[in-house]
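Structure first, then comments.
The values are calculated or read from the model by the stated rules, or taken from the named source; none is laboratory data. Since we're looking at a predicted model, the values are computed, not measured. Positions of Cβ are backbone-derived with ideal geometry, glycine not excepted, and every protein chain shown enters the neighbour counts.
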Amino acid sequence: MTALDLSESFSLIWPAANRLGGVIPPELANLTNLETLSIGGNLNISGPIPPEIGDLVKLKDLNLGGNSLTGRVPRELGELVALRGLYLHRNRGLEGPLPTELTALGELDVLLASDTNLCAPLDAAFQAWLLGITRVEIEFCPASDHR
């Protein structure tokens, strides 16, 4: 019996609010045609955001909100140039400034990072990028923040 390769078959994964638990598997990056990944509202999904998510270059919506994710947002998410919505809200374990690589996301319309310990860098290029996003919910990093 051979393994079934579905890596090019999926364009949508939406197990939101299903009480899933564990970590986000880096192997999700093998789903090369994925356009929507919505695993928000599961509460028990924990650990860091795998940098491999940045390999999903066709991704248009990434909903990780309402979980128990920790650590920093990987700079590799800046490679998701088709991304329109990035939902990181309600993950109190996420921390630090957002990576400046996110400014490559020219299609982004929604950036939700409220109820986290994330912040928006104060540099002019990042601030100008934020002004082009229709809906933004995030705190600004303190001027003394050297994280």
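Which one of these does His89 not meet: (1) over 18 Å from Pro51 (Cβ atoms); (2) in contact with a Ser or Thr (Cβ under 6 Å, 6 or more places away or on another chain); (3) surrounded by fewer than 16 Cβ atoms within 10 Å (Cβ to Cβ)?
So His89 meets the others, but not (3).
Looking at the stretch 48-64, is at least one residue free of Cβ contacts under 8 Å to residues at least 24 places away in the same chain and assigned to a strand (DSSP E or B)?
no
Specify the residue that is surrounded by the fewest Cβ atoms within 10 Å (Cβ to Cβ); the eligible residues are those in the stretch 116-139 that are β-branched (Val, Ile, Thr) and assigned to a strand (DSSP E or B).
Val136
Would you mind stating whether Ile45 is surrounded by 13 or more Cβ atoms within 10 Å (Cβ to Cβ), modelled with pLDDT under 90 and not in a loop (DSSP other than H, G, I, E, B)?
When the stated conditions are applied, Ile45 passes them.
Out of (1) part of a strand (DSSP E or B); (2) more than 14 Å from Gly93 (Cβ to Cβ); (3) within 11 Å of the chain's Cα centre (by Cα), the odd one out for Leu69 is which?
The number of the failed condition is (2).
Taking the stretch 98-115 as the search range and keeping residues that are under 13 Å from the mean Cα position of the chain (by Cα) and over 22 Å from Thr70 (Cα atoms), which one is surrounded by the most Cβ atoms within 10 Å (Cβ to Cβ)?
Per the criteria, the residue is Leu108.
With respect to Glu95, determine if the residue is over 12 Å from the mean Cα position of the chain (by Cα), surrounded by fewer than 18 Cβ atoms within 10 Å (Cβ to Cβ), modelled with pLDDT under 95 and acidic (Asp, Glu).
no
Which condition does Gly40 not pass, out of (1) at pLDDT 95 or above; (2) on the phi < 0 side of the Ramachandran plot, if it passes all the others?
Result: Gly40 fails condition (1) only.
Could you count how many residues in the stretch 55-75 are more than 17 Å from Ala113 (Cβ to Cβ) and touching a helix residue (DSSP H, G or I) at 6+ places or on another chain (Cβ under 7 Å)?
Adding up the residues that qualify gives 3.
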